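Here the structure is laid out as structure tokens; the discussion comes afterwards.
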Amino acid sequence: MIVARGLTKTYGPRTAVDHLSFTVEPGRVTGFLGPNGAGKSTTMRMILGLDRPTSGSVTVNGRSYAASPAPLREVGALLEARALHPGRSARDHLRWLAASNGIPRTRIDEVLDLVGLEAVAEQRVGRFSLGMGQRLGIAVALLGDPPVVVLDEPVNGLDPEGIRWVRNLARELAGQGRTVLVSSHLMSEMALTADHLIVVGRGRMLADCSMADFITEHASSYVRVRSPRVSDAEALLRGQGLDVDRLDDQLRVRGRNAAEIGELLGGAGLYVHELALVQSSLEDAFMTLTADSVEYATHPAETAGAVR
Amino acid sequence: MSATPTVSTAPARPGTGSSSAADVVRLDPNRHVPGVRQPGFAQVLHAEWVKFWTVRSTRWSLGLLFLLGAGLTTLVCWAAASDLAAGDTGEAPAAFLTWGLLFSQLTALALGTLVVTSEYGTGMIRATVTAVPRRGRVVAAKAVVLTVVLFVAGVVTAVAGYLGGNWFLDREGVGLALSDDGVLRALLGNGLYLAGLGVFALATGLLIRHTAAALTVGMALVLVVGNVAYALPGTWGEWVAKLLPGNAGGAVAQVAPFNGGAVLAPWTGFGVFAAEVAALLLVAVLVFRRRDA
């Protein structure tokens, strides 16, 4: 369990993390989401005792990270930037880490096998691709078999197969009862991985809720109906007390699912040309939520309006 | 990304949804390691030892240290032997027996600097500090590794240089025996001085964090400033020169100093040097502990 209380970090006049308070519970994947520069990495660095909070505190399993006698056996972390010497082999990198926390050497082969790097374990990591580097980073995180796992942008640089692997791994770790915190700036990725969401922008908390709540609250869905007798259909559905918007020849209906709406219309003898559930993406919801807090906003070209 | 599959979050998993934290398995951090003990300084030392020997720069530096230290001493003694015997150089033959130190000390500085700046350069330092959050221990372990390795390398190099160089001096009848005044002390002193320089560079590296900058500062302090300081006027100028780390520490590593600047007595000088290194290391540790990694 990770508990942050009033966590704040300022660099000169710039506030990177602004009074964040949250709890990362065990047994589920918590997504830590925010645009670039939102303070995710800074927060993670403070969790790991790399950066000193300006004020506030963060504890892991009830104490500060630095107070842990064998931190790698308590918290496993994948840091965003590569934190290894390019001239050292993957195995040697794991060797010194294992030595530092009294982890037996047999565990090195276990994690190499787990991340699929056993064949290249003797190669210098400077030759590794981005994806292999990420895999090694995950091997490092799991080296101490820790009950708390912190992954900063774990899917960066991974191919689709690797992304799926990380996703399943995160879910599996949480399923084993571990505390799993995964940061990302991609809502679509989080939607597939996380049970719980912490959304930050400009260092401030924007949302701290379950994924299901986030979807209900921020992502709208409706059933799109096309019918040759659109006005009759509209009248019928409104008569059932449903929320109906009309755009030209299509209706946007909320309050019933597509099957029920189809049966209503069919029962009244109305032909239906299209009946579809439309879910506005979480990506859109996330963009709307964080629109004010994007650090380096791009301004759409003037013609961009035509795309919509 | 519009429409479809975004809803497929939270698939059925045992124990999710309404479950509270209470029925989550409590994981024992030691479950993979039966009977394991809490890691202490020995583990940190072991980790630093592994790190030290698993990068190429270590072997390169040590190879170069030996080659420059012992090789140049031998070479210079071979070239200068007859002049020394004739008394043409105005220097004592003893001064030439550790001639290579002038260059081997550079590699000791480089090795000490790289032990920490390479970690900053590559981002490794973050892995180091997450593995061992007690940063004082990290520095202490690095210092122990450097001291041990450079002491051994320094003594071995000095002995080899003595054997090689003295062979040529002996041929001209100006060689020194191991039992002669200061010879054994200098061979041992080579190890001590290089170890001290390594730790000095470690501290500089911790404070400056960039390889090139730290190397420049380290070498400038030990070599350039040390020599230039002799140009300072008056007795205070002489004292400043004598107390600078390279001048103070170097005397213990030489059988006899070259003519020129005055130096402290070998062991007094080394005492001063050791105190300076210790003070710098202390400052570096304090800064390192406060700073964000």
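The values are calculated or read from the model by the stated rules, or taken from the named source; none is laboratory data. Remember, predicted model here, so these are calculated numbers, not experimental data. No Cβ is skipped: glycine too gets one built from the backbone with ideal geometry, and neighbour counts run over all protein chains shown. Quick note on the areas: whole protein, heavy atoms, side chains included, nothing else; ligands and nucleic acids left out. Shrake-Rupley method; radii C 1.70, N 1.55, O 1.52, S 1.80 Å.
Observations on the model:
- Some residue of segment A:15-28 being aromatic (F, W, Y) and modelled with pLDDT under 95: no
- Residue check, A:R95 more than 7 Å from chain B (Cβ to nearest Cβ), more than 23 Å from the chain's Cα centre (by Cα) and under 18 Å from B:H46 (Cα atoms): no
- Some residue of segment A:147-166 being in a helix (DSSP H, G or I), touching a strand residue (DSSP E or B) at 6+ places or on another chain (Cβ under 9 Å) and assigned by TED's automatic domain parsing to the domain that holds A:G87: yes
- Selection over segment A:1-33 of residues that are small (G, A, S) and at positive phi gives a count of 3.
- When every residue of segment A:85-95 is checked against the conditions, at least one turns out to be touching a strand residue (DSSP E or B) at 6+ places or on another chain (Cβ under 7 Å), farther than 15 Å from A:P146 by Cα, hydroxyl-bearing (S, T, Y) and assigned by TED's automatic domain parsing to the domain that holds A:V140.
- Each residue in segment A:19-49 was checked for being open to solvent by less than 30 Å² (accessible area, probe 1.4 Å) and out of contact with any Pro (no Cβ under 9 Å at 6 or more places or on another chain), and 19 of them qualify.
- Where A:L206 falls short, out of the listed (1) open to solvent by less than 40 Å² (accessible area, probe 1.4 Å); (2) in a strand (DSSP E or B): (1)
- Scanning segment B:52-81 for residues that are over 19 Å from B:G175 (Cβ atoms), without any contact (Cβ under 8 Å) to a residue 24 or more places away in the chain and surrounded by 15 or more Cβ atoms within 10 Å (Cβ to Cβ) returns B:T54, B:L67.
- Scoring A:G116 on the criteria (1) modelled with pLDDT under 95; (2) crowded, with 17+ Cβ neighbours inside 10 Å; (3) not hydroxyl-bearing (S, T, Y) leaves a single failure, condition (2).
- Taken over segment A:185-203, the criterion of being surrounded by 24 or more Cβ atoms within 10 Å (Cβ to Cβ) and hydrophobic (A, V, I, L, M, F, W, C) is satisfied by A:M187, A:M190, A:A191, A:A194, A:L197, A:I198, A:V199, A:V200.
- Residues in segment A:179-192 that are among the β-branched types (V, I, T) and within 17 Å of A:G157 (Cβ to Cβ): A:V182 only.
- The residue of segment A:34-45 that is nearest to the other protein chains (Cβ to nearest Cβ), among those that are outside any loop (DSSP other than H, G, I, E, B) and out of contact with any Phe, Trp or Tyr (no Cβ under 9 Å at 6 or more places or on another chain), is A:R45.
- Hits in segment B:252-269 - residues which are open to solvent by 30 Å² or more (accessible area, probe 1.4 Å) and farther than 13 Å from B:L192 by Cβ: B:P257, B:F258, B:N259, B:G260, B:G261, B:A262, B:V263, B:A265, B:T268
- Against the numbered list (1) part of a loop (DSSP other than H, G, I, E, B); (2) crowded, with 18+ Cβ neighbours inside 10 Å, A:R52 comes up short only at (2).
- Output for segment A:93-107, where each listed residue is open to solvent by less than 30 Å² (accessible area, probe 1.4 Å) and free of Cβ contacts under 8 Å to residues at least 12 places away in the same chain: A:W96, A:A99
- Tally, over segment B:236-281, of residues that are part of a helix (DSSP H, G or I), touching a residue at least 12 places away in the same chain (Cβ under 8 Å) and of a type in the set (G, A, S): 9
- Within segment B:211-227, not a single residue is farther than 30 Å from B:V115 by Cβ, surrounded by fewer than 17 Cβ atoms within 10 Å (Cβ to Cβ) and of a type in the set (S, T, Y).
- Members of segment A:194-215 found to be within 12 Å of chain B (Cβ to nearest Cβ) and at positive phi, listed by number: none
- Inside segment A:159-184, residues that are open to solvent by 20 Å² or more (accessible area, probe 1.4 Å) and either away from chain B (no Cβ under 14 Å) or among the aliphatic types (A, V, I, L, M) (or both) make up a count of 5.
- Scanning segment A:80-92 for residues that are more than 7 Å from every other protein chain (Cβ to nearest Cβ), closer than 24 Å to B:G136 by Cβ and either aromatic (F, W, Y) or over 24 Å from the mean Cα position of the chain (by Cα) (or both) turns up nothing.
- If you go through segment B:86-113 and keep only what is part of a helix (DSSP H, G or I) and either open to solvent by 50 Å² or more (accessible area, probe 1.4 Å) or in contact with a Pro (Cβ under 7 Å, 6 or more places away or on another chain) (or both), you end up with B:A86, B:A95, B:L102, B:F103.
- Complete set of residues in segment A:59-86 that are assigned to a loop (DSSP other than H, G, I, E, B), open to solvent by 10 Å² or more (accessible area, probe 1.4 Å) and small (G, A, S): A:G62, A:S64, A:A81, A:A83
- Every residue from segment A:100-122 that is in a helix (DSSP H, G or I) and farther than 29 Å from A:T43 by Cβ: A:T106, A:I108, A:D109, A:E110, A:L112, A:D113, A:E118, A:A119, A:V120
- Output for segment B:228-251, where each listed residue is within 19 Å of the chain's Cα centre (by Cα) and open to solvent by 40 Å² or more (accessible area, probe 1.4 Å): none
- Residue ID - farthest from B:D181 (Cα to Cα), chosen from residues in segment B:83-105 that are at pLDDT 90 or above and small (G, A, S): B:S104
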